[in-house]
1. Say whether the condition of being modelled with pLDDT under 95, part of a loop (DSSP other than H, G, I, E, B), on the phi < 0 side of the Ramachandran plot and within 16 Å of the ligand (Cβ to nearest atom) is met by at least one residue in segment 123-136.
2. Which count do you get for residues in segment 334-354 that are more than 27 Å from Leu284 (Cβ to Cβ) and touching a residue at least 12 places away in the same chain (Cβ under 8 Å)?
3. Identify all residues within segment 267-283 that are surrounded by fewer than 17 Cβ atoms within 10 Å (Cβ to Cβ) and not aromatic (Phe, Trp, Tyr); write none if there are none.
4. Any idea which of (1) among the β-branched types (Val, Ile, Thr); (2) more than 30 Å from Pro148 (Cβ to Cβ); (3) more than 17 Å from the chain's Cα centre (by Cα) is the one Ile358 doesn't satisfy?
5. For segment 81-108, name all the residues that are among the aromatic types (Phe, Trp, Tyr) and out of contact with any Leu (no Cβ under 7 Å at 6 or more places or on another chain).
6. Give Asn39, Asn27 a once-over and let me know the one that is within 16 Å of the ligand (Cβ to nearest atom), modelled with pLDDT under 95 and either closer than 26 Å to Ser271 by Cα or over 21 Å from the mean Cα position of the chain (by Cα) (or both).
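The values are calculated or read from the model by the stated rules, or taken from the named source; none is laboratory data. Remember, predicted model here, so these are calculated numbers, not experimental data. We place every Cβ from the backbone using ideal geometry, glycine too, and count neighbours over all the protein chains shown.
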Amino acid sequence: MEDFFLTNKPYLTAIDKASVEAEAPSNIALVKYWGKKPNQIPANPSVSFTLSNAKTRTRIDFEKCKSQPQASFEVYFEGKRNQAFKPKIAQFFERIQKHLPLLSQYHLDIFTENTFPHSSGIASSASGMAALSLCLCDFERRLTQTDPDVEFWKKVSFLARLGSGSACRSLKGPVVLWGANQADDNASDLYGTLPSFPIHQIFQDFQDTILLIDKGEKKVSSSVGHGLMHAHPFANQRFAQAHQHLHQIKEAFSAGNIEDFIRIVESEALSLHAMMMTSEPYFLLMKPETLKVIEKIWLFRAQTNIPVCFTLDAGANVHVLYPNQVAEKVREFIQSSLLMHCENNQFIDDFIGEGAKIIS
Ligand code: PMV
């Protein structure tokens, strides 16, 4: 199955030097991916909203190596040479080398920056790996003289997945599935796909206000968390629950059933953190302020009937999700009651979007 993209197209043009640029947004999972099999195959299917404002912009300058093989690369983050990102990118390049022969033929200077504050607790691996993969595939497209068709976007998502699992959901939007499942035959373990079921109007302009509760470095990385699912006492029940939630969220998306949507999304967030709390060894990524915010959202929803809910990533920050039609009231509530729980009152205003794009 992994050999799916091994039939590489021949490079028809000789390009000595070129520059490509792309940007990709972050995404927020509604049904969560937590646990994986070898080769970045998810242990359960997931579905996410693609975001708009929280994104990574990357440019790669390619220069053909004079003698072969002599592949090399440098990374510049926000204008400064960066050593810290190199091992992860080197590992990524090793994984994708067989799918992208150009990597052994060129020197790459990678210039990358995020629109969201560095160390905001917002994972940049999804948007970062998606933007990087899009640059690489766009350059390959020039070498093979092909157009960016459906297969092109599949390959970008396929490569992004090998960099960071959830990155494969950052190429398209506004809703992306990843992981084979019975709710959508089109979905794949290898790359993200757009749902083949309808998404009701009410979900088409969803807002996501990301409350930055704790901007510190996470104590346990996602990779360690995924790994702990191997010997997890509740792993099988959790994977079954994700499949069930995917069926249910498909119905909610199609019917415009926002009550069901809220129930599934909040349950998923709490299940994700329950898995962390019941891993061996156990760990906790929520903070007291996370719980205070959740309780306030529940109270506000009960008192006003306004359809606003929360979800969590692998961290303490809270994503507040709501349709645009109630945005004014929810933003007032966030300002007056939730920002006090954020580090330095910080938050990111975001909304769902269409995915990554090539800039040049
Ligand atoms: O893509 P990774 O390995 O950083 O894992 C992401 C895991 C979650 O963000 C917690 C859930 C998800 O589906 O995005």
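1. Within segment 123-136 (the criterion being modelled with pLDDT under 95, part of a loop (DSSP other than H, G, I, E, B), on the phi < 0 side of the Ramachandran plot and within 16 Å of the ligand (Cβ to nearest atom)), the answer is yes, since at least one residue qualifies.
2. The number of residues fulfilling the criteria is 5.
3. Scanning segment 267-283 gives Ser267, Leu270, Ala274, Met277, Thr278, Glu280, Pro281.
4. Every listed condition holds for Ile358 apart from (2).
5. The answer is Phe85, Tyr106.
6. Exactly one of Asn39, Asn27 is within 16 Å of the ligand (Cβ to nearest atom), modelled with pLDDT under 95 and either closer than 26 Å to Ser271 by Cα or over 21 Å from the mean Cα position of the chain (by Cα) (or both), namely Asn39.
One line per residue, one yes/no per condition, for (1) assigned to a loop (DSSP other than H, G, I, E, B); (2) among the β-branched types (Val, Ile, Thr); (3) within 22 Å of Glu266 (Cα to Cα):
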residue	(1), (2), (3)
Leu321	no, no, yes
Ala327	no, no, yes
Arg331	no, no, yes
Ile334	no, yes, yes
Leu339	no, no, yes
Asn344	no, no, no
Asp350	no, no, yes
Ser360	yes, no, no
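Conditions (1) surrounded by 15 or more Cβ atoms within 10 Å (Cβ to Cβ); (2) in contact (Cβ under 8 Å) with a residue 40 or more places away in the chain; (3) outside the structural domain of Val224 (by TED's automatic domain parsing), marked per residue:
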site	(1), (2), (3)
Ala255	no, yes, no
Phe261	yes, yes, no
Val265	yes, yes, no
Leu285	yes, yes, no
Leu291	no, no, no
Glu295	no, no, no
